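Quick one: the structure is below, and I'll ask about it shortly.
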Amino acid sequence: MATRRGFIGGASAVSAVTLLGSATQASAATAQAATAETAAETQARAAIRAVNAGMRTNYATLKSDLIKRLSPVVVVQNDAKGGKFTLIHDGKQLETVNPVGEIFELAKSISHVPLGIFSVMAPYLSDKVPNLPIGSRIDPHDLKMVAFKGPATDGWITPLQDYAATLINARQQLDKANLPPELVTSCGKVLDEAVAFIQASVRSKTFDMASFADFSAKVYPSIRTNMTHAAAAQISGVEGVMNRWRAQIGEAAWKDLYTVVLSIWTTADLNQASIIIKRCMNAAKVATHLIDLPTVETPSDPIFVALDNLARIVQDNIAAEMVFPTDQKVADALKGKEDLLSDEILKQLGVPAAGARTASTASAT
């Protein structure tokens with residue numbers, strides 16, 4: 001028999017189920033709406049990203065086509081021989097040469113002796129900055145990074161003796177190398193002092209920055225002599241090949257010459273090849289046509305890397321004026337090394353803009 005209590009209880013249960021079902025349906029509908037909204041947002045953002053992807057595709061196509069047309073171009077790869085030079089004209093690599101005489105390589109080879117010794121000893125230095133005139137110029141953290149083994153072990157002895165054997169062999173044959181007398185004398189001094197320093201360090205089983213600084217100071221005048229001979233050889237070789245190529249392709253083409261000098265970061269500023277090359281180019285175009293291109297390491301295809309970057313620079317030169325015709329400052333940023341957002345980021349960080357910094361620095365000096 002149905003009772004009032006049972007009826008009411010049953011009705012309440014039905015109502016609860018109905019309400020629960022409605023809530024579940026509402027929740028599902030909300031979830032579906034949220035999912036649809038998320039999907040729409042994802043699709044919209046993908047569509048926006050596709051705009052940039054399309055730009056990059058078009059940009060890469062233009063660059064690829066332009067690479068084949070760049071002319072004339074000289075590509076310089078810095079190396080131990082004074083540089084490898086390649087002339088490209090009318091889409092053809094006409095010649096690749098190492099124009100610098102051997103004196104450059106030989107003089108620099110002996111000049112690198114102190115660095116060769118340092119490279120063996122450095123990990124075994126004390127990581128405490130010494131009380132020396134050079135001490136104020138040494139970053140303590142840099143020293144800790146380099147002196148990672150410390151002076152407690154003698155692992156440096158064997159590799160240093162091996163290097164000494166190389167130095168002794170060079171010293172014994174130095175007179176047969178047909179070098180200028182002044183260079184023979186300076187190279188001999190460097191080798192003799194280096195061997196003496198190594199032998200003394202091995203006998204005492206110890207060394208430090210002070211003893212190495214004494215050795216380096218003794219050989220520095222001779223290294224300067226070597227640098228004089230190396231520089232003269234490089235100037236002669238580079239100017240010789242550039243003048244020969246200039247005559248080969250003619251003045252009309254040469255006045256628009258692009259030169260790309262590939263270097264590593266440590267030689268990117270005042271690069272030795274660039275200093276000489278600019279004297280051989282059209283002075284009016286050196287600022288825009290002589291490009292120093294620092295690389296992390298020597299690329300596997302240096303010619304392509306040089307032309308790929310040059311093509312980007314050349315097409316950006318034109319794009320800058322067409323894309324930003326009303327703002328020369330931003331146009332110059334696109335044509336140069338500045339990131340287009342740099343000034344805006346500086347502004348939001350409260351840092352003076354590059355131009356203001358340069359002006360204030362100039363007025364302060």
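So if I place +1 on the C-beta of Lys and Arg and -1 on the C-beta of Asp and Glu, and nothing else carries charge, what would the dipole magnitude of the stretch 275-346 be about its Cα centre? I want it in debye, nearest 20.
Around 460 debye, computed over the stretch 275-346.
Using the Kirkwood formula over every pair of different C-alpha atoms, what hydrodynamic radius in Å results for the stretch 102-231?
After inverting the pairwise mean of 1/r, the radius is 15.5 Å.
So what is the 222 nm mean residue ellipticity for the chain from helices alone, if each DSSP H run of at least 4 adds -39500 (n - 2.57) and you divide by all residues, rounding to the nearest 500 deg cm²/dmol?
Rounded to the nearest 500, the figure is -21500 deg cm²/dmol.
Might you tell me the accessible area per residue for the chain, computed with a 1.4 Å probe and given in Å²?
62 Å²
Using only Cα atoms, find the angle between the long axis of helix 157-173 and the longest principal axis of the chain, and express it within 0 to 90 degrees, rounded to the nearest 10.
40 degrees
Determine which lysines satisfy two conditions relative to K347: a Cα distance under 28 Å, and not lying fewer than 8 residues away in the same chain.
Filter leaves K329, K335, K337.
Taking Cα pairs under 8 Å and at least six residues apart, what relative contact order does the stretch 102-231 come out at, in percent?
37 percent
Could you work out what % of the accessible surface of the chain is carbon and sulfur, using a 1.4 angstrom probe and leaving DNA, RNA and ligands out of the count?
59 percent
³J(HN,Hα) across the stretch 182-194 via Karplus (A = 6.51, B = -1.76, C = 1.60, θ = phi - 60°), whole Hz, x for Gly/Pro?
4, 6, 4, 5, 5, 5, x, 4, 4, 5, 5, 5, 5
Additional query: Packing-wise, with mean Cβ within 10 Å as the measure, how do 109-116, 156-163 rank, highest first?
For the peptides 109-116, 156-163, the packing ranking is 109-116, 156-163.
So what are the ³J(HN,Hα) numbers for the stretch 80-88, from phi and the Karplus equation (6.51, -1.76, 1.60; θ = phi - 60°), rounded to whole Hz, Gly and Pro as x?
Working through the residues one at a time gives 5, 9, x, x, 9, 10, 10, 9, 10 Hz.
Additional query: For D79, enumerate residues with amide H under 5 Å from its amide H, sequence gap 5+ or separate chain, H modeled in the peptide plane.
K84
Still on this structure, I have one more. Quick one: ranking L270, L143 by accessible area, 1.4 Å probe, largest first, what do you get?
L270, L143
For a 24 Å ceiling on Cα separation, which of these pairs sit above it: K108/K176; K81/K218; K128/K205; K176/K205; K108/K255?
Checking Cα-Cα distances, K81/K218; K176/K205; K108/K255 exceed 24 Å.
Between beta-carbons, use under 12 Å as the cut-off and find the net charge around W254, counting Lys and Arg +1, Asp and Glu -1.
For residues surrounding W254, the net value is +2.
Pop out the ³J(HN,Hα) list for the stretch 204-220 in order, Karplus 6.51 cos²θ - 1.76 cosθ + 1.60 with θ = phi - 60°, rounded to Hz; leave Gly and Pro as x.
8, 6, 7, 7, 7, 4, 5, 5, 5, 4, 4, 4, 4, 5, 5, 9, 4
Let me ask another. When the dipole is taken about the Cα centre of the stretch 172-307, and only Lys, Arg (+1) and Asp, Glu (-1) are charged at their Cβ, what size is it in debye, to the nearest 20?
240 debye
Once the dipole of the chain is set up with Lys and Arg at +1 and Asp and Glu at -1 on Cβ about the Cα centre, which of Q315, A60, S119 lies farthest towards its positive end?
A60
Continuing with the same structure: Using the Cα centre of the chain as origin and beta-carbon charges of +1 (Lys, Arg) and -1 (Asp, Glu), tell me which of A247, V260, A230 is placed farthest towards the positive end of the dipole.
Ranked along the dipole, the leading option is V260.
In what sequence, largest accessible area first, do V238, V286, V51 appear using a 1.4 Å probe?
V51, V286, V238
Remind me, relative contact order of the chain in percent, using alpha carbon pairs under 8 angstrom and six or more residues apart?
With pairs under 8 Å counted, the relative contact order is 17 percent.
Can you give the relative contact order of the stretch 50-147 as a percent, counting alpha carbon pairs under 8 Å and 6+ residues apart?
In percent, rounded to a whole number, it is 15.
Net charge near T96, counting Lys/Arg +1 and Asp/Glu -1 over other residues with Cβ under 15 Å of its Cβ?
It works out to a net charge of +1.
Further, regarding this structure: Would you pull out the residues with amide H under 5 Å of E95's amide H, same chain only if 5 or more places away, H placed 1.01 Å from N?
Amide H neighbours of E95: L87.
Same structure, new question: For V330 and R56 in the same chain, what is the full-extension length gain: residue separation times 0.36 nm, less their Cα-Cα distance, in nm?
This chain segment gains 96.6 nm when fully extended.
Using unit Cβ charges (K, R positive; D, E negative) and no other charged atoms, how large, in debye to the nearest 20, is the dipole of the stretch 102-231 about its Cα centre?
Using only the charged Cβ atoms, the result is roughly 180 debye.
Build a GNM of the chain with springs between Cα atoms under 10 Å: which of A319, A39, A253 gets the top mean-square fluctuation?
Taking springs between Cα atoms under 10 Å, the residue moving most is A39.
Given the chain, what percent of its DSSP beta bridges are antiparallel, to the nearest 5?
50 percent
Please label the shape of the chain as rounded, prolate or oblate, based on the square roots a ≥ b ≥ c of the eigenvalues of the alpha-carbon gyration tensor (a/c under 1.5 means rounded; beyond that, a/b larger than b/c means prolate, else oblate).
Oblate, because a/c is 1.5 or more while a/b does not exceed b/c.
The values are calculated or read from the model by the stated rules, or taken from the named source; none is laboratory data. What you see is a predicted model; the values in this text were computed from it and never measured. Note that we place each Cβ from the backbone using ideal geometry, even for glycine, and neighbour counts take in every protein chain shown. Please note that ligands, DNA and RNA were not included when accessible areas were found on the heavy atoms of the full protein model with its side chains. Shrake-Rupley method; radii C 1.70, N 1.55, O 1.52, S 1.80 Å.
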